[in-house]
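For reference, the structure is listed below as structure tokens.
The values are calculated or read from the model by the stated rules, or taken from the named source; none is laboratory data. Quantities reported herein were computed from a predicted structural model and do not represent experimental measurements. Reconstructed Cβ throughout: ideal geometry from the backbone, glycine too, with neighbour counts over all protein chains shown. Keep in mind that these areas ignore ligands, DNA and RNA; they rest on the heavy atoms of the full protein, side chains included. Shrake-Rupley method; radii C 1.70, N 1.55, O 1.52, S 1.80 Å.
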Amino acid sequence: MTTTNWSLKVDRGRQTWEHSQEKKEATDVDIHLLRLKEPGTHCPEGCDLNKAKTPQQAIKKAFQYFSKVQTEDGHWAGDYGGPMFLLPGLVITCYITGYQLPEPTQREIIRYLFNRQNPVDGGWGLHIEAHSDIFGTTLQYVSLRLLGVPADHPSAVKARTFLLQNGGATGIPSWGKFWLATLNAYDWNGLNPIPIEFWLLPYNLPIAPGRWWCHCRMVYLPMSYIFAKKTTGPLTDLVKDLRREIYCQEYEKINWSEQRNNISKLDMYYEHTSLLNVINGSLNVYEKVHSKWLRDKAIDYTFDHIRYEDEQTKYIDIGPVNKTVNMLCVWDREGKSPAFYKHADRLKDYLWLSFDGMKMQGYNGSQLWDTAFTIQAFMESGIANQFPDCMKLANHYLDITQVPDDARDMNHYHRHYSKGAWPFSTVDHGWPISDCTAEGIKSALALRSLSFIDPIGLERVADGINVLLTLQNSDGGWASYENTRGPRWLEKFNPSEVFQNIMIDYSYVECSAACIQAMSSFRKHAPTHPRIKEINRSINRGIKFIKSIQREDGSWLGSWGICFTYGTWFGIEGLVASGEPLTSPSIVKACKFLASKQRADGGWGESFKSNVTKEYVQHETSQVVNTGWALLSLMSAKYPDRECIERGIKFLIQRQYPNGDFPQESIIGVFNFNCMISYSNYKNIFPLWALSRYNQLYLKSKI
């Protein structure tokens, strides 16, 4: 019997790790997620440890294993960690506000930070596979010290050595400067202003915050409040020690105004434009003469928007950065009020325990996203009818996660239609997303073929289609959460230094292709729907957009996965679903591109450096997820070279563990080009999906 002190608890998608003093028998889900047994050796009921030799055997084993690690509310839980800059915000906020994390949680956070420290130079990077930099190293070092790790601990000494050898914390990017300033370990005069008065600008101005990408908007909203209030933690003895430890000169002698644009070369990815530098100079002058009346008005206005975001998401908030900054704003405004403790309770939604310790996820999970892909992979296997309990549960999660209503006062608070949409994670989170809605629609329609399913009604599916129609941009494509509201030149105002394309919501091949697939499927199920002509026009416009952004080599740049393999999978699937002829030059070129990247072992492997450089970079080894995407693409297009496909299928079968699981390999997700993020369920979903399509297309064998 395998035992553990930790167990995952779920409730309508909410995932929280709970600790008990006494060890208890671990569930299949706990064993899978925490790697309590050697990879490939855990054998849930109905599984065996006989290595698959045929595609059919591999499909059955993959389905059996993954169905056994479904959570009791119907979704598949997984690790959505990877970024290293998130957890320090939580630790710093808890320290400033005096909120005590449970001791077992603190121990696991420390273990995670030690495990993810670069063993060569002692630093940390932007994400778990990145090179060490000042942003990552400073914030992880500070976090360890706040959690009780002494300065003379060997890991702390090594980190501090790296930091001081590379210029110290004065060269930290702006988000790091912000967090250190709130902690009282950096002077507010060393930051470029975050002008809160911007929030009072009318929406018809192109630079108004309501036109920004929602993640950018919701991060700089509370940051501007904190900057305006100069909310700062107490100068404790520990903070005094940090002032001495992380800088190359005495804290009191640092010329803070000279540090505003001091960003280490290790960190700089997206430099400030000349225009932004001029504006920052003017804003620094404005900070000395601003109207107190106007600032107070802006503070009240922004806090109203912060409170709205908190209440609409049940204190989860759109993401981990604004989650912790919003919590700090509530503490500043109200102290330890009921709203503060609602925030504190939702910290657990972001804390994820894995084999390497406890991290902060890039969202409150990827529950709906992973479940929708899993449903589609299972349905294409041809054996979903053999697993009625699993499929009923998956349908249940899909059912309870659709957003039932539009947000209140959505125009005032810059929100888009959401009734009928699906979010990335949970219905409590509730932010509508184009491709999540599309994958929800595709899954709901696919499940209708199972006789034992109580399907989501076509009326509700149509509500999702309505959301997609409203989200199409003037260029024919789809962005992520909202329409593209601002001009492209707004990117000249990007102050982040470490991310690109944050200022507006751009049209993406992934979102666009997913929406085209969803509408194409819907028109087959509801050919007489009143909006069918609009749907047809929308698909045609979307196809033109996808073709327009295809690269000369036939690929599409992926913005949410690694990278050209991912983007090209979506591009091909979208074109094929719309009815584009398989002889179309766009499809033929895309297939040739993918085939040219196949490796000698039959697999595909792409490095995250493809996203950073926007040029294809081979990984050191083939990856099962990249291979799954490439094979799905080629088979969707009926690529004539079957030998190429069969080599990829043999690679997947060879890589599969005897119990039906697949190895966790390199990080596979990305956002804003420079930061990678984990999707731990992808290794179970996409190899199975590719094997299933191969069996359906070529073998047509019953399993």
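A few notes on this one:
- Looking across Tyr301, Tyr269, one residue alone is buried (at least 17 other Cβ atoms within 10 Å of the Cβ), among the hydroxyl-bearing types (Ser, Thr, Tyr) and modelled with pLDDT of 95 or more. It is Tyr269.
- On the stretch given as segment 481-505, residues that are closer than 21 Å to Val321 by Cα and in a loop (DSSP other than H, G, I, E, B) total 14.
- Any hit, segment 550-570, residues being farther than 25 Å from Trp213 by Cβ, open to solvent by 30 Å² or more (accessible area, probe 1.4 Å), modelled with pLDDT of 95 or more and among the basic types (Lys, Arg): no
Here is a yes/no grid of residues against (1) open to solvent by 10 Å² or more (accessible area, probe 1.4 Å); (2) in contact with a Phe, Trp or Tyr (Cβ under 8 Å, 6 or more places away or on another chain); (3) closer than 22 Å to Trp560 by Cα:
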site	(1), (2), (3)
Glu459	yes, no, no
Ile465	no, yes, no
Gln472	yes, yes, yes
Gly476	no, yes, yes
Phe493	yes, no, no
Asp505	no, yes, yes
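- Segment 1-30 residues that are open to solvent by 100 Å² or more (accessible area, probe 1.4 Å), paired with ones that are among the small types (Gly, Ala, Ser) (beta carbon under 8 Å, 6 or more apart): Lys24/Ser7
- Segment 43-69 residues that are part of a loop (DSSP other than H, G, I, E, B), paired with ones that are open to solvent by 20 Å² or more (accessible area, probe 1.4 Å) and hydroxyl-bearing (Ser, Thr, Tyr) (beta carbon under 8 Å, 6 or more apart): Leu49/Thr41
- So Tyr225, is it free of Cβ contacts under 8 Å to residues at least 12 places away in the same chain, open to solvent by less than 70 Å² (accessible area, probe 1.4 Å) and closer than 25 Å to Thr324 by Cβ: no
- When segment 358-413 is limited to residues that are over 30 Å from Lys60 (Cβ atoms) and of a type in the set (Phe, Trp, Tyr), the one that is surrounded by the fewest Cβ atoms within 10 Å (Cβ to Cβ) turns out to be Tyr413.
- Residue in segment 482-495 that is farther than 30 Å from Pro209 by Cα and touching a helix residue (DSSP H, G or I) at 6+ places or on another chain (Cβ under 9 Å) present: no
- Within segment 325-357, the set of residues being open to solvent by less than 20 Å² (accessible area, probe 1.4 Å), more than 13 Å from Thr93 (Cα to Cα) and assigned to a helix (DSSP H, G or I) comprises Ala339, Asp349.
A quick yes/no check of all residues on (1) over 24 Å from Tyr639 (Cβ atoms); (2) open to solvent by 20 Å² or more (accessible area, probe 1.4 Å); (3) modelled with pLDDT of 95 or more:
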{"site": "Gln664", "(1), (2), (3)": "yes, yes, yes"}
{"site": "Ile668", "(1), (2), (3)": "no, no, yes"}
{"site": "Cys675", "(1), (2), (3)": "yes, no, no"}
{"site": "Asn681", "(1), (2), (3)": "yes, no, yes"}
{"site": "Pro687", "(1), (2), (3)": "no, no, yes"}
{"site": "Ser692", "(1), (2), (3)": "no, no, yes"}
{"site": "Leu699", "(1), (2), (3)": "no, yes, no"}
{"site": "Lys702", "(1), (2), (3)": "yes, yes, no"}
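- Candidates Phe673, Phe662 - the one that is over 17 Å from Thr621 (Cβ atoms), of a type in the set (Phe, Trp, Tyr) and touching a residue at least 60 places away in the same chain (Cβ under 8 Å): Phe673
- Residue in segment 434-444 that is touching a helix residue (DSSP H, G or I) at 6+ places or on another chain (Cβ under 7 Å), not hydroxyl-bearing (Ser, Thr, Tyr) and not in a helix (DSSP H, G or I) present: no
- Segment 314-338, residues that are closer than 14 Å to Val219 by Cβ and within 19 Å of the chain's Cα centre (by Cα): Asp317, Ile318, Gly319, Pro320, Val321, Asn322, Lys323, Thr324, Val325
- Pairing each residue of segment 309-320 that is free of Cβ contacts under 8 Å to residues at least 40 places away in the same chain with any residue that is open to solvent by 20 Å² or more (accessible area, probe 1.4 Å) and of a type outside the set (Val, Ile, Thr), provided the two are 6+ apart or on different chains, yields C-beta distances under 7 Å for Tyr315/Lys342; Tyr315/Arg346.
- Residue within segment 508-519 that is more than 29 Å from Glu129 (Cα to Cα) and either open to solvent by 30 Å² or more (accessible area, probe 1.4 Å) or modelled with pLDDT under 95 (or both) present: no
- Residues being part of a helix (DSSP H, G or I), hydrophobic (A, V, I, L, M, F, W, C) and closer than 17 Å to Leu490 by Cα - total across segment 167-220: 6
- Annotation note: Cβ proximity below 6 Å between a residue of segment 563-588 that is more than 16 Å from Gly477 (Cα to Cα) and a residue that is assigned to a loop (DSSP other than H, G, I, E, B) and open to solvent by 10 Å² or more (accessible area, probe 1.4 Å) (sequence gap 6+ or interchain) occurs for Phe564/Tyr616; Leu582/Lys638; Ser586/Gln550.
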